[in-house]
Amino acid sequence: RRPMRTASFSATCLLAVSSQSSRSLAPALRAPSPRAMAASSTAPRPGRLIDSLDEAASALRSGRLVAFPTETVYGLGADAFNEASVASIFTVKGRPRSDPLIVHVASAGAAEALVRLGPGGLELMRRLTASFWPGPLTLVAPAVPELPSAVTSGSGYVGVRVPEHALARELLQRAAVPVAAPSANRFGHVSPTRAQHVMDDLAHHPILVLDAPPADCCGVGIESTVVKIDEQAGELVLLRRGGVPEASLERWLAAEQGGAAQRFTLKVKPAHQPTPHDGGSGAATASSGSGSEAAAGG
């Protein structure tokens, strides 16, 4: 009988311990409290605001994505010759890979190194850059073969420009690499004109966002005008309206081509005709507004 009493006592203890363990585990099995859910929603995000140009330049050279201000909108930049880094732009933005990217450079000479033009086209490019750069005008021309196809979307053309924003130019000079940069927002979202706009849209990705005072940022507020140098046709094709008005280009062509070896006329591309640097969507055509995405980025 004593062994039986001992066994009965042991069973009773085990039941008590089991019941206590269940009670102690119960809180962990309950749904999270509203306070816990709120804390989770405010957890740190991978994206980070910075104010150091040297840090931003170093990050670009090492293959990271850096959002930076221009006189048009914030751009999401990557070293244009780093194919993996350029590919991550499309991932972060959710941007179709059929849409090529604008390459931002520190000087007109750096832009010339990325394109292949004959004497007439090169002369036109140099006259345009002397008049409109730095500024919100992107020039599209045949690309050098060394440029990754991710930048050109396989079109064989590249858009280049020198931004007017002093912080952007200083960043490009310190980075010493051409920077491919569309607008720093999710594809289809409004283009950002403040660092906080970028953080709100993209901070769940491990990007760096170069901060700038609102009063010193994105004064134009819309993307750059995009024109293509068609050397064979003798045309300057307006692909997208933007920071430089169409009328300004027309006046410039009428006044500034005296003595040129080859004269060019302005042609406005119809909105329904997809070409390199409008991504086939019509978004970056001459009839588009400030929300255009293809080839955008300031």
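The values are calculated or read from the model by the stated rules, or taken from the named source; none is laboratory data. All values derive from a computational prediction rather than experimental measurement. Note that each Cβ is placed from the backbone with ideal geometry, even for glycine, and that neighbours are counted across all protein chains shown.
Here's the yes/no breakdown for (1) assigned to a loop (DSSP other than H, G, I, E, B); (2) touching a residue at least 60 places away in the same chain (Cβ under 8 Å); (3) closer than 24 Å to Thr91 by Cβ:
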{"site": "Arg186", "(1), (2), (3)": "yes, yes, yes"}
{"site": "His189", "(1), (2), (3)": "yes, no, yes"}
{"site": "Gln196", "(1), (2), (3)": "no, no, yes"}
{"site": "Asp200", "(1), (2), (3)": "no, no, yes"}
{"site": "His205", "(1), (2), (3)": "yes, yes, yes"}
{"site": "Val209", "(1), (2), (3)": "no, yes, yes"}
{"site": "Gly221", "(1), (2), (3)": "yes, yes, no"}
{"site": "Leu236", "(1), (2), (3)": "no, yes, no"}
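Which residues, counting only those in the stretch 63-73, are modelled with pLDDT of 95 or more, part of a loop (DSSP other than H, G, I, E, B) and either aromatic (Phe, Trp, Tyr) or within 10 Å of the chain's Cα centre (by Cα) (or both)?
Leu65
Confirm whether Val92 is out of contact with any Pro (no Cβ under 6 Å at 6 or more places or on another chain), of a type in the set (Val, Ile, Thr), assigned to a helix (DSSP H, G or I) and in contact (Cβ under 8 Å) with a residue 40 or more places away in the chain.
yes
Yes or no: the stretch 92-102 includes at least one residue that is on the phi > 0 side of the Ramachandran plot and out of contact with any strand residue (DSSP E or B) (no Cβ under 6 Å at 6 or more places or on another chain).
The first filter runs over the stretch 92-102 and keeps only residues on the phi > 0 side of the Ramachandran plot, leaving 94.
Narrowing further to those that are out of contact with any strand residue (DSSP E or B) (no Cβ under 6 Å at 6 or more places or on another chain): 94.
Yes: one or more hits.
Can you find a residue in the stretch 288-297 that is out of contact with any strand residue (DSSP E or B) (no Cβ under 6 Å at 6 or more places or on another chain) and at pLDDT 70 or above?
No.
Could you say which residue among Ala130, Ala168, Ala84, Ala110 is within 16 Å of the chain's Cα centre (by Cα), surrounded by fewer than 24 Cβ atoms within 10 Å (Cβ to Cβ) and in a helix (DSSP H, G or I)?
Numbers: Ala130 fails: within 16 Å of the chain's Cα centre (by Cα); Ala168 fails: surrounded by fewer than 24 Cβ atoms within 10 Å (Cβ to Cβ); Ala110 fails: within 16 Å of the chain's Cα centre (by Cα).
Going through Ala130, Ala168, Ala84, Ala110 in turn, the sole match is Ala84.
Conditions (1) buried (at least 24 other Cβ atoms within 10 Å of the Cβ); (2) out of contact with any Ser or Thr (no Cβ under 6 Å at 6 or more places or on another chain); (3) polar (S, T, N, Q); (4) modelled with pLDDT under 95, marked per residue:
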{"residue": "Gly135", "(1), (2), (3), (4)": "no, yes, no, no"}
{"residue": "Ser149", "(1), (2), (3), (4)": "no, yes, yes, no"}
{"residue": "Val177", "(1), (2), (3), (4)": "no, yes, no, no"}
{"residue": "Arg186", "(1), (2), (3), (4)": "no, yes, no, no"}
{"residue": "Cys218", "(1), (2), (3), (4)": "no, no, no, yes"}
{"residue": "Gly221", "(1), (2), (3), (4)": "no, no, no, yes"}
{"residue": "Val237", "(1), (2), (3), (4)": "no, yes, no, no"}
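Looking at (1) buried (at least 21 other Cβ atoms within 10 Å of the Cβ); (2) without any contact (Cβ under 8 Å) to a residue 12 or more places away in the chain, which is the only condition Arg161 fails?
Unmet condition: (2).
For the stretch 206-221, give me each residue that is in contact with a Gly (Cβ under 6 Å, 6 or more places away or on another chain) and either farther than 18 Å from Gly135 by Cα or among the aromatic types (Phe, Trp, Tyr) (or both). Outline the logic, then answer.
The initial filter retains those residues of the stretch 206-221 that are in contact with a Gly (Cβ under 6 Å, 6 or more places away or on another chain), namely 207, 220.
Within the stretch 206-221, just Ile207 meets the criteria.
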